[in-house]
1. Counting other beta carbons within 10 Å of each Cβ, put 29, 4 in order, fewest first.
2. Run the simple label-point estimate for residue 42 and residue 12 please: 7 Å along Cα→C-beta, distance reported in nm.
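What follows draws every value from the coordinates through simple rules; no lab data is involved. Computed from a predicted model, the values in this text were never measured in an experiment. Positions of Cβ are backbone-derived with ideal geometry, glycine not excepted, and every protein chain shown enters the neighbour counts.
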Amino acid sequence: MATLEPEVAPMFEDRIIRRLKVQQVKESLNYWSPAIVGACIASIVIFVTLHLVSAPSKLDRAHLPNGEARREEMAQKLELDHVPVFR
């Protein structure tokens, strides 16, 4: 007959349920975040690749008829004026 009844705050159950839900959301984000980041990076790579493939060629074909190949002359001279002396 001498039992004690626990006194529970009125919002106790709501706070426990809320904490449980917050903990589940955090665990879910920790689990899925690497996959989400990887998918974002992969989508950026795909878009960049498609952009590069679909870009028009920079070569002006009007000056190279019939598939002619041309080599541009270098503006700078790469030969040495004298032989360097190493000591």
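1. In increasing order of surrounding Cβ atoms, one gets 4, 29.
2. 4.8
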